[in-house]
1. Can you name the residue in region 42-60 that is in contact (Cβ under 8 Å) with a residue 24 or more places away in the chain, part of a strand (DSSP E or B) and not charged (D, E, K, R) and is also surrounded by the fewest Cβ atoms within 10 Å (Cβ to Cβ) among such residues?
2. Checking E39 against (1) surrounded by fewer than 17 Cβ atoms within 10 Å (Cβ to Cβ); (2) acidic (D, E); (3) part of a helix (DSSP H, G or I); (4) within 18 Å of the chain's Cα centre (by Cα), which test does it fail?
3. Mind counting the residues in region 165-187 that are under 18 Å from I130 (Cβ atoms) and surrounded by fewer than 16 Cβ atoms within 10 Å (Cβ to Cβ)?
4. Pick from region 26-36 the residues that are crowded, with 16+ Cβ neighbours inside 10 Å and over 13 Å from the mean Cα position of the chain (by Cα): which of them is modelled with the highest pLDDT?
5. So, in region 3-14, how many residues would count as being in contact with a Gly (Cβ under 6 Å, 6 or more places away or on another chain), surrounded by fewer than 22 Cβ atoms within 10 Å (Cβ to Cβ) and under 19 Å from Q129 (Cβ atoms)?
6. Select, from Y230, Y150, Y214, the only residue that is in contact with a Gly (Cβ under 9 Å, 6 or more places away or on another chain), within 26 Å of L117 (Cα to Cα) and hydroxyl-bearing (S, T, Y).
7. With respect to R232, is the statement that it is loosely packed, with under 15 Cβ neighbours inside 10 Å, out of contact with any strand residue (DSSP E or B) (no Cβ under 9 Å at 6 or more places or on another chain) and basic (K, R) true?
8. Could you check how many residues of region 85-109 are surrounded by 14 or more Cβ atoms within 10 Å (Cβ to Cβ), more than 24 Å from F47 (Cα to Cα) and either touching an Asp or Glu at 6+ places or on another chain (Cβ under 6 Å) or charged (D, E, K, R) (or both)?
Amino acid sequence: MISTLQGGDAIYGNVAGMSFGKKEWMVDAGAEMKFGHQELGTYSLAFTKTSELSGMGIKLIQYGNSDYLERKMSISYSRLLFPKVSIGTSINYNTVNIREYGSTSIPTVDFGVYTVLNKYLDFGATVHQISTITDQTTKYPSILALGFRYSPSSKVIVGLEAFKVLDRPLTAKISITYSPSIDLHLMGGVDIVNQIISFGFAYGAGGVSVAGGYSNSPLLPSTPAFNLRYNR
């Protein structure tokens, strides 16, 4: 679910959501081992600063190994247009290095909109890579995500998202976050079309939080992930 993330979390999805949520600065580091293989690891490092009217952030992501390596650096900014409507954009610099073939670099742009419909329901929409770009070695397809965030109480958040990579089938995702306390959050989600089930948790105290999770499907091995964050 990327379309309705809020605050510092939104640096990893719809950056327009940085204008909502907690007003703080955040440093975040994460790792994901796709299908349990270190060679398919994704590593991320992000910094965000959010205020009453805007949010800004820098993000670095690396995927792959010495044979095939992708890197992405992003600068993101969001701004409230109206009390309940925000827009955001990211300027990305992507590099791909393939052993024995060399490397290539290309810029891309993301754009998003986030709005609070009422005290229970939010809506977000984002486009990553506004136009599909293809060079000699790599294709960067456009990605569209539209979603709703429903908060029936202070302890429960339900998400519903339609997710479309331009050259792949449309998929739908459902997520639930339950917070038994202000420090502990339990998450679960389902990618309906791709039959992927995900579970995770986050626990924070004194400005430091840790999170972990994994996803699994009937056809592919599980993917574990870990995250460490400091915010104030």
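The values are calculated or read from the model by the stated rules, or taken from the named source; none is laboratory data. Since the model is a prediction, treat every value here as computed from it, not as a measurement. Cβ coordinates were reconstructed from backbone atoms using ideal geometry, including for glycine residues, and neighbour counts include every protein chain displayed.
1. So, considering only residues that are in contact (Cβ under 8 Å) with a residue 24 or more places away in the chain, part of a strand (DSSP E or B) and not charged (D, E, K, R), the one surrounded by the fewest Cβ atoms within 10 Å (Cβ to Cβ) is S54.
2. Going through (1) surrounded by fewer than 17 Cβ atoms within 10 Å (Cβ to Cβ); (2) acidic (D, E); (3) part of a helix (DSSP H, G or I); (4) within 18 Å of the chain's Cα centre (by Cα) one by one, E39 breaks only (4).
3. Of the residues in region 165-187, 3 are under 18 Å from I130 (Cβ atoms) and surrounded by fewer than 16 Cβ atoms within 10 Å (Cβ to Cβ).
4. M26
5. Counting residues in region 3-14 that are in contact with a Gly (Cβ under 6 Å, 6 or more places away or on another chain), surrounded by fewer than 22 Cβ atoms within 10 Å (Cβ to Cβ) and under 19 Å from Q129 (Cβ atoms) gives 0.
6. None of the other options fit; the residue is Y150.
7. So R232 fails the test.
8. So the count comes out to 1.
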